Every structure is written in C-alpha cells, then in structure tokens.
Amino acid sequence: MYLTKSFIPILKNNPSEAKIKSHQLMLRVGMIKQSSAGIYSWLPLGFKVMKKIEQIVREEQNKIGVQEILMPTIQSSEIWKESGRYDDYGEEMLRIKDRQDREMLYGPTNEELVTDIFRASVKSYKSLPQLLYHIQWKFRDEVRPRFGIMRCREFYMKDAYSFDVSDEEAFFSYNKFFLSYLRTFKRLDLTAIPMAADTGPIGGNLSHEFIILADTGESKIFTDKEIFKVSSDNTKVEKKSLEDLRKKYEKFYAVTDEKFDKKEFENKVIEENRLITKGIEVGHIFYFGDKYSKPMGASVDLPGGRKDFVKMGSYGVGVSRLVGAIIEAKYDDKNEVMKWPISVAPYDVSIIPMINKNDNTALEKANNINDELIKNNIETIIDDTDENFSSKIKKMNLIGAPFQIIIGKQTQDDLVEFKETGQESKKLKLEEVIKIIKEEKVKN
Ligand code: 5CA
C-alpha cells in the first residue's frame, strides 16, 4: 500500500481534546473519527488493528470449543421484562419504539437473548454443555463517555455464554474461559491479571476482571506483586489442570476497588509486595447460576426424569477497547514511537525510500523490495511521498509497523537498512530481513 493512496489522515500535532495517549494517537493517525459523543467511525488503520484483535479472540474461543453465532444488535423488550432487567438496567439502555409501537432496545449485553435461543431448542442434559459466543456491537448510554474508544457508548464486544447441568460443570466452563482469556491477552502481547471483581448489573456471585496495568486505567487495583509470576503455560483444558490454574492465581490477593478490604490486604500481603495501582479492564467473566434461566424457564431434562434450570455464566472481552489498551501499554509518547505487536500490527513493515525530486531510483528499489515481501505474505506500507526523511520516519513511527526498511539511492539491491521501529538500524540482506519478520510472525 502506498501512503499517498491510503486513507490515513495524519495530524501534525496531538489533538487537544484527547487526554490519554491512546486517544491522542488514534486521532492523530486517523484510526478513528468521532461521529457523535461516544460514537466513532473506524478508519482503515484502526479497523485493520481491531479486525486482527477480533480474529485472535475468535481463534482462542474456538480452541476451547465455543461455537460462534451472531445475534442482532436490536432486541425486543419482552425478554428483558421476563428476566426482570428491563427496569433495573436504567438509563444506560437505549430504548427505541418501532412503527408498530413495540418497545425495542439496542443491546447492551445478551444474556436474555441467548437464553431465549437456548430454551427454544435444548431440552436435555445430554446436549450440555453448550458454549456460544458472538462478536457484535453493543450500546450503553454511558453518563460520561471518555478517553475515546476506551469508554464509549457504541463498542465492539465478544460475549460468550455457557449453559451447564450443574454447578460443578459450570465451574469447569468458567475455568475454560479463564484460561482462554489468559492465552488471548498473551497473544496480544499484554499481561492481563485476573482479579476478583464485583458483578454489577450482570449479577451472580463469582466474577473476575482481567486487568492490564496502566496509569491511565479507570480501575483501581490492589494486588500482590507475586501474581505477575504465575504462568498458564502447560495448562490443559481438563478439569483438574484448570482448577489448579485458578488456584495458582487465587492464592494471591488481587482485587478491584469494590472488593478491597484494607485489613485483608495488609494481612495477606507482605509490605514490599503490596501494589496499589490502576489498570484497564479488558475482559470480565461472570458466574450467575440460574439468575436468567429460572425467570426465563430455561430448563433441561435430567437423568431420572427430573428437570432443572441450567447454570449459566457469561464472558466478555472488550474488542474495541483492546485497541486502546494495547496503545496504552506500548506507545512511547515521549519519543512518539508506537510499535504494534506483530500479531495485530496494521502493517508488518514500513518501507521508507528517500526520494529526491526527479529521481525515482529509491522508489523503484522500494517497489522491488515490496514485491519480494508481498510474495512472502508480509504486509507493507511504502511512504512514496517526497517529504524529507525525518518527517517520514516521524509518521511511520506513529503508524507503528513493528519493522522499518530504509532505502537510499545508494542502497544495494540485496542489502537494506533494517530496524525494529524505534531502535537502531543495521544493514542486512533482504533474505535475512524476510527471515526475521517471518519468524516473528510465526511466534504469534
Ligand atoms: N455480559 C457480560 C459479559 S459477556 C458483560 O457485558 N460484561 S461487561 O459489562 O463487563 O463488558 C465486557 C467488556 O466490554 C468489559 O470488560 C470491557 O472491556 C468492555 N466494555 C464495557 N463497557 C465498555 C464501554 N463503555 N466502552 C468500551 N468497552 C467497554
């Protein structure tokens, strides 16, 4: 892709309305454009990153056996009246009337709708567990939308739902998601810590938020530093192995604001290991038993002829919020350098030819190198503008492809100046460059 032909509307300076670095960068490189308060259009650069995040989230859900569906954004109020949440949800819910005067709403979450789908066709314990997910836009009329796509009104969420025959089986499902989330965030090059959390309007009594540390995060957290050493490597998707994993985490004090108890914190955590800081909630999982299945009559036949309401949990990942969370974790705003993890980078490499007026040598070389990279499934962006070198580097540092290739007039056909974005460059053969990039891509 040539920069001159791409739709990447870059601003010279940080927009003054943006208070945190993810919001600043996303507006500055034209990843998003606000269309009204808390509602955004996603432009090519932002959309590419979000779609790659979505794909990783999807692959990790599929790996633990969750089946993908797609529910609509608009829901009927009837099912929310059945569960009792129509009134409880309050002003965050966007309520709409259709031309027949029917009360509809733009879904803020999908517990009711998925329970309705489930109860219509699943009748026997033999069909359990059922694990379903979808990736769909949600709307919550937040009182104070802020920080760009971090807390907005319309956002993209992966929400999954589990249906089980007993508490024991339901905890097994819960733990599968627990592991799946750790694996998902790791592929995004983020360290997310599961923390005991409040259940809020979703309900239930068991819940974990997955938090990444960031000064600009909205969640206040209290934790034992030792929790950062816990690893999920070698955990198998088996009951015992998953239980052990949760125990390994739960051994350490790690809670959000609402669950904080000063005495408990000080008793359980030695002074030098106490960490009080802020973080961004990128995922949230809940176990709520029959909170929805009971009022909505979602039951199955058990062996011996009895019937019981299914035990449910729900599991959310903020797919659009993750774009901002990765920027918060990776963007060096002092030096204005973004380096996307290669797993979600909008491009793998930026090619930066130093073009002199009336001399196309460097651009031609860039084109040849580009052809080679494309043959190797490496995604590129070429800065074909005739701006000076330093402004080209500045722009490419903001766009954030993890690697850069710089091409001068003198660049020999098989030796290029190659660097990791933000680092020193070195001269390498093109085959070596290709090998390095491919190896990096395979790791993810
Ligand atoms: N039904 C449950 C689980 S599927 C649920 O809705 N959980 S939630 O309310 O915690 O949302 C799930 C995730 O969506 C959060 O962890 C967060 O990453 C993201 N999210 C929630 N509200 C917003 C918002 N206003 N803007 C951006 N992302 C949000």
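Things worth noting here:
- Unmet criterion (only one of (1) part of a helix (DSSP H, G or I); (2) open to solvent by 10 Å² or more (accessible area, probe 1.4 Å); (3) among the basic types (Lys, Arg)) for Lys392: (2)
- Segment 28-49, subset buried (at least 21 other Cβ atoms within 10 Å of the Cβ) and among the hydrophobic types (A, V, I, L, M, F, W, C), residue farthest from Ser314 (Cα to Cα): Val29
- Condition met for Lys334 (within 15 Å of Ile20 (Cα to Cα), more than 16 Å from the ligand (Cβ to nearest atom), open to solvent by 40 Å² or more (accessible area, probe 1.4 Å) and not in a strand (DSSP E or B)): yes
- For Gly65, the requirement of being part of a helix (DSSP H, G or I) and assigned by TED's automatic domain parsing to the domain that holds Leu188 is not met.
- When residues in segment 395-414 are screened for being part of a helix (DSSP H, G or I) and of a type outside the set (Lys, Arg), 4 of them pass.
- Leading residue by the ranking (surrounded by the fewest Cβ atoms within 10 Å (Cβ to Cβ)) among those in segment 292-322 that are near the ligand (Cβ under 10 Å from one of its atoms) and aliphatic (A, V, I, L, M): Val319
- Residue match in segment 187-196 (condition: of a type outside the set (A, V, I, L, M, F, W, C), within 15 Å of the ligand (Cβ to nearest atom), in contact with a strand residue (DSSP E or B) (Cβ under 6 Å, 6 or more places away or on another chain) and over 23 Å from Phe118 (Cβ atoms)): yes
Conditions (1) part of a strand (DSSP E or B); (2) touching a Ser or Thr at 6+ places or on another chain (Cβ under 7 Å), marked per residue:
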{"site": "Tyr86", "(1), (2)": "no, yes"}
{"site": "Ile96", "(1), (2)": "yes, no"}
{"site": "Met104", "(1), (2)": "yes, yes"}
{"site": "Leu131", "(1), (2)": "yes, yes"}
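- Residues located in segment 344-362, provided they are crowded, with 20+ Cβ neighbours inside 10 Å, out of contact with any Lys or Arg (no Cβ under 6 Å at 6 or more places or on another chain) and outside any loop (DSSP other than H, G, I, E, B): Val349, Ser350, Ile351, Pro353
- Within segment 153-175, the only residue that satisfies the criterion of being part of a strand (DSSP E or B) and open to solvent by 40 Å² or more (accessible area, probe 1.4 Å) is Glu154.
- In summary, Ile434 fulfils each of the numbered conditions (1) open to solvent by less than 80 Å² (accessible area, probe 1.4 Å); (2) within 21 Å of Leu45 (Cβ to Cβ); (3) part of a helix (DSSP H, G or I) with the single exception of condition (2).
- The set of residues from segment 219-271 being part of a strand (DSSP E or B) and hydrophobic (A, V, I, L, M, F, W, C) comprises Ile221, Phe222, Ala254, Val255.
- Residue in segment 262-275 that is assigned by TED's automatic domain parsing to the domain that holds Ile135, open to solvent by less than 30 Å² (accessible area, probe 1.4 Å) and within 16 Å of the ligand (Cβ to nearest atom) present: no
- Top-ranked residue of segment 72-127 - restricted to ones that are of a type in the set (S, T, N, Q) and open to solvent by less than 40 Å² (accessible area, probe 1.4 Å), ranked as farthest from Lys291 (Cα to Cα): Thr73
The values are calculated or read from the model by the stated rules, or taken from the named source; none is laboratory data. All of these numbers come straight from a predicted model, not from anything done at the bench. Here Cβ is always computed from backbone atoms with ideal geometry, including for glycine, and neighbour counts include all displayed protein chains. When the accessible area is computed, the model is the full protein with side chains, heavy atoms only, and any ligands, DNA or RNA have been set aside. Shrake-Rupley method; radii C 1.70, N 1.55, O 1.52, S 1.80 Å.
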